[in-house]
Structures are given as structure tokens and as C-alpha cells.
1. When you scan the range 54-74, how many residues do you find that are surrounded by 13 or more Cβ atoms within 10 Å (Cβ to Cβ) and more than 16 Å from Gly42 (Cα to Cα)?
2. So, in the range 33-67, exactly how many residues are more than 14 Å from the ligand (Cβ to nearest atom), out of contact with any strand residue (DSSP E or B) (no Cβ under 6 Å at 6 or more places or on another chain), assigned to a loop (DSSP other than H, G, I, E, B) and not charged (D, E, K, R)?
3. Only one residue in Gly44, Gly77 is touching a Lys or Arg at 6+ places or on another chain (Cβ under 7 Å) and surrounded by 17 or more Cβ atoms within 10 Å (Cβ to Cβ), so which one is that?
4. Inside the range 212-232, can you point out the residues that are buried (at least 17 other Cβ atoms within 10 Å of the Cβ) and not in a helix (DSSP H, G or I)?
5. In this structure, is Leu107 within 15 Å of the ligand (Cβ to nearest atom) and farther than 28 Å from Asp121 by Cβ?
6. Take the residues in the range 169-211 that are within 21 Å of the chain's Cα centre (by Cα) and of a type in the set (Val, Ile, Thr), then tell me which one is surrounded by the most Cβ atoms within 10 Å (Cβ to Cβ).
7. Being farther than 27 Å from Pro226 by Cβ and either part of a helix (DSSP H, G or I) or touching a Phe, Trp or Tyr at 6+ places or on another chain (Cβ under 7 Å) (or both) is the filter here; which residues of the range 144-172 pass it?
8. Output the number of the condition that Ser131 fails; it satisfies all remaining conditions of (1) in contact with a helix residue (DSSP H, G or I) (Cβ under 7 Å, 6 or more places away or on another chain); (2) within 13 Å of Val207 (Cα to Cα).
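No lab work stands behind these numbers, since they all come straight from the coordinates. The shown structure was predicted, so the numbers you read here are calculated from the model rather than taken from an experiment. Note that we place each Cβ from the backbone using ideal geometry, even for glycine, and neighbour counts take in every protein chain shown.
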Amino acid sequence: YDMAALTAAAHAAGALAHWDLCHAAGALPVELDAIGADFAVGCGYKYLSGGPGAPAFAYVAARHQDGFDQPLTGWHGHAAPFAMSGTYAPGPGVARARIGTPALLSLLALEAALTAFDGVDMAEVRRKSLSLTGFFQECADSLLDGLGFASATPRDPARRGSQAALRHPEAYPLVAALTARGVIGDMRAPDLLRFGFNALYVTHADVLRAVEELRDIAVSGAHRVPEFRERPTVT
Ligand SMILES: *Cc1c(COP(=O)(O)O)cnc(C)c1O
């Protein structure tokens, strides 16, 4: 999305712009102050690599920090937690965005994961990410031709995030069979195979191997067994 233009359009209509950065943080440069965003949230476990259950984050523009309401209150966001006052008084500024006791072991894992970004230019991360997703599309075009797949991701790099999706009527068993071979993507109903590319860790060789495995499974029918048909809640 053109975040600056959409934020400006929201403001022109008298609204605030609140961005969900789950698929942006750690994947591409995002300049919230520069585009005039009001609020943003995101999770720590996708491209930031904080691990399952990693803490999430919130952004509040400086101009809103003394006046915003935060419906999920907890003692860490209280102005005077040990006053035991019986009513909630939000802490000063952005401190009121805190909730209860943070999951410290998870925070430490996230902190360690973030050190991988030290000294890294996000423009470089974006460049490599686009190279990986573009390469995935090229590999899929040539290796999966005639096997019932269709690309569901824009070819225009400016319209891509850091993932690529394919359509196939047997999406779930194909993803399950790939996972069993160590190529981990996910499936989204009704027919999407989704692959995320973390530019800090994934190589072009990994991308080629993923598509080669997918080709091998589709050609051999290795996914057409009962164990890959049973769907868990999270696919
Ligand atoms: C992953 C994701 C979430 C979930 O965030 P949690 O921190 O796990 O609640 C929300 N929005 C989008 C767009 C996501 O991709």
C-alpha cells in the first residue's frame, strides 16, 4: 500500500490512520513519523523472528501520546501501580500502552532476534526480499508449469510484501507434504499455498530447493496420503 497517500486520505476525511505492520516490520522500510501515521501495531514473531508467542508492539505518534485511550489496561501501564487506588489512572505518555507483567523470557528472545538487524540497512533487506520473492516466481513459472498451480502474488515488486502465494486445488496436502520435508509454508483457504521469505536468513538456494520439492511432490503424488489430509486448526 501507498501508506503516505492512504494516511493523508484518512486525515482529509477527518479520520485517524492506524496501521497493522505484522507483515511489514522487519521486511521493508516503514517510516511512520515521516508519513504522519497516527497509530500502528505489529507482532514480533514474523519477520522480526522473535519466536512463537513473541511480544507485540505498538506505535503512537508523539502528538497522541498524552491523550490516547488504551482499552487493555494493566498494572504496568498504571500511573501509580502501588497506590492501590481502586480506579485506573493511565501512566504518562506512551507508558500507558503497557499492560500487565511482560513475558520476560519471550522479551529476551525477541531482543536477541532484533540484534540481527544491528547495522543492517532496511533498504538492503527489502532489496534481497524482492530478489527472493521474484526468484520464487521465476522458479515456480518454470518448474511447476502444467502441474495445476497459479501465481497469486503481484509481479510488480512494488506491490509485493515479503511473501509469495500459489493457488492449487490440493493446497493443504501439498503444504503438509512440504512441511514433512522441512520446507515450511502455510495454507490459507480455499486454495492458497503461502511462503514467507525472511531476507536475513533465507537464501536463493533455499528458494530453489523449496520449489524443487514442491515439484517433486506434485509430480509423484506424495501428498495424496491420509496423513496429509487431516487438517489441524492452524494450517
Ligand atoms: C499475524 C498477524 C496478526 C496477529 O498478531 P498477534 O500478535 O499474534 O495477535 C495480526 N494481523 C495481521 C495482519 C497478521 O498478519
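1. Total satisfying the criteria: 5.
2. Result for the range 33-67: 4.
3. Among Gly44, Gly77, only Gly77 is touching a Lys or Arg at 6+ places or on another chain (Cβ under 7 Å) and surrounded by 17 or more Cβ atoms within 10 Å (Cβ to Cβ).
4. If the condition is that a residue be buried (at least 17 other Cβ atoms within 10 Å of the Cβ) and not in a helix (DSSP H, G or I), then Ala222, His223 are the ones that fit.
5. no
6. Ranking the qualifying residues of the range 169-211, first place goes to Val175.
7. The answer is Pro157, Ala158, Arg159, Ser162, Gln163, Ala164.
8. Ser131 satisfies every listed condition except (1).
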